[in-house]
Amino acid sequence: MSKFRKKKSNELPAVNTASLPDIVFMLLFFFMVVTVLRDDNLLVQNVLPKADQVEKLKKDRSVYIYAGKPSARYQDKFGTEAKIQIGDKYTDITNLKFALTEARQKLLPELQDRVMVALKVDENTNTGKVTDIKQELRELNMLKIIYITTPGNEINN
Amino acid sequence: MARRATPEVNAGSMADIAFLLLIFFLVTTTIEKDKGIARQLPPIEDIVDPPKIKEKNLFIVNVNRNDQLLVDDNLMELKNLRKAAIAFLDNGGASNGTAEYCNYCKGKRDPASSDNPEKAVISVQNDRLTSYKMYIAVQNELVAAYNFLRDRESQRLYGWKFTEVNNAIEEGSYKGNEEAVKPKLEEIQKLFPMKLSEAEPKKSGS
């Protein structure tokens with residue numbers, strides 16, 4: 001017995017932290033990969049309305065349309081009338097079809113005919129603007145739309 | 001000069017550097033989950049013979065430019081809309097014995113209101129100047145009414161909630177046999193089909 005006891009030292013061996021950087025790097029890479037830096041530069045005000053009866057958006061097959069008043073820094077140039085934005089620039093309602101077809105072509109080919117149009121519209125916009133957009137979408141035969149909202153409820157805020 | 005052995009680089013601070021980067025990405029990451037109310041737009045086609053809908057089967061929600069609600073010719077607050085829609089859909093006014101009789105409805109069975117959920121149509125009319133906020137709020141309440149009734153029926157028939165199972169399947173986190181559940185979901189949808197119609201918004205007076 002004493003033989004064994006002899007070997008045992010009283011000091012705890014230091015924990016080997018050599019692999020710690022590797023672990024941390026793995027986490028780092030994970031977050032770097034999943035991070036999506038905002039892909040569209042917002043040119044319009046975009047406070048989304050609240051709703052709680054919602055469905056999730058499938059991102060790979062969606063085209064975004066933004067609408068709302070121009071952001072504060074663009075208001076001198078473009079006024080305060082609500083505008084539509086697709087991609088990185090303002091689009092006129094008459095030009096909507098062209099811009100949408102262009103945006104659709106950026107998607108994967110096999111998903112192009114199952115496009116979902118995500119409408120990110122500022123809550124202070126008039127419904128008329130949205131109706132105009134919807135009419136254009138119908139003419140383009142892009143019938144699946146989703147009104148993007150933020151969680152919440154208008155009634156009890 | 002004598003060559004000295006290069007000392008080993010001290011990698012002790014590597015972890016700190018990596019941590020710093022990690023924390024930066026943790027903070028800036030917003031895993032975007034866009035959620036919203038999905039809709040299917042009607043295709044453009046000339047309807048030669050529009051189906052006739054009896055007035056009692058129509059639930060007309062009218063929103064004016066001041067965001068006020070007019071439901072079947074009565075002013076209504078937004079918070080009462082859900083209840084009114086549920087009452088309308090769940091009414092089941094067709095009399096017992098007819099083909100249209102709704103045996104799962106729990107409403108008042110008022111003959112002056114909708115015959116059955118199959119027939120009941122909710123029609124929303126907006127003014128062009130209605131705010132989008134109000135528009136979404138109304139849509140949300142109406143979808144909520146359908147969801148409430150679907151939940152009730154699935155609870156009664158199968159013991160689970162329609163919306164919960166539907167969401168779980170969509171997120172891929174449903175524990176159980178998806179294939180077996182899907183026909184049941186469709187069954188529930190058939191009991192309360194979502195019939196939301198949207199009229200072309202009226203031009204505003206000024």
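The values are calculated or read from the model by the stated rules, or taken from the named source; none is laboratory data. Please read these numbers as outputs of a predicted model, since none were measured by experiment. Cβ atoms come from the backbone with ideal geometry, glycine included; neighbour counts cover every protein chain shown.
Results, tabulated for the structure shown:
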read-out: Among (1) in a strand (DSSP E or B); (2) among the hydroxyl-bearing types (S, T, Y); (3) under 24 Å from B:Q155 (Cβ atoms) - the single one B:S123 does not satisfy; value: (3)
read-out: Considering residues of the stretch B:160-191 that are in a loop (DSSP other than H, G, I, E, B) and more than 14 Å from every other protein chain (Cβ to nearest Cβ) only, the residue surrounded by the fewest Cβ atoms within 10 Å (Cβ to Cβ); value: B:K175
read-out: Out of B:A94, B:A144, B:A137, sole residue that is part of a helix (DSSP H, G or I) and surrounded by fewer than 21 Cβ atoms within 10 Å (Cβ to Cβ); value: B:A144
read-out: Any pair with Cβ under 6 angstrom, 6 or more apart, that starts in the stretch B:148-175 at a residue that is more than 23 Å from B:L89 (Cα to Cα) and ends at one that is surrounded by 15 or more Cβ atoms within 10 Å (Cβ to Cβ) and not hydroxyl-bearing (S, T, Y); value: B:Y174/B:A168
read-out: Those residues of the stretch A:43-59 which are closer than 14 Å to A:I146 by Cα and touching a residue at least 24 places away in the same chain (Cβ under 8 Å), in sequence order; value: A:L48, A:P49, A:K50, A:A51, A:D52, A:V54, A:E55, A:L57, A:K58
read-out: Filter result (in contact with a strand residue (DSSP E or B) (Cβ under 9 Å, 6 or more places away or on another chain) and either surrounded by fewer than 19 Cβ atoms within 10 Å (Cβ to Cβ) or at pLDDT 85 or above (or both)) within the stretch A:101-115; value: A:E102, A:A103, A:R104, A:K106, A:L107, A:R114
read-out: All positions within the stretch A:94-110 that are under 18 Å from the mean Cα position of the chain (by Cα) and either among the β-branched types (V, I, T) or more than 14 Å from every other protein chain (Cβ to nearest Cβ) (or both); value: A:A103, A:R104, A:K106, A:L107, A:L108
read-out: Selection count, the stretch A:126-146, where residues are in contact (Cβ under 8 Å) with a residue 12 or more places away in the chain and either among the polar types (S, T, N, Q) or facing chain B (nearest Cβ under 7 Å) (or both); value: 7
read-out: In the stretch B:110-137, the residues that are of a type in the set (S, T, Y), facing chain A (nearest Cβ under 7 Å) and either within 16 Å of the chain's Cα centre (by Cα) or more than 20 Å from B:I37 (Cβ to Cβ) (or both); value: B:Y135
read-out: Boolean, B:R152 is in a helix (DSSP H, G or I), away from chain A (no Cβ under 14 Å) and buried (at least 19 other Cβ atoms within 10 Å of the Cβ); value: yes
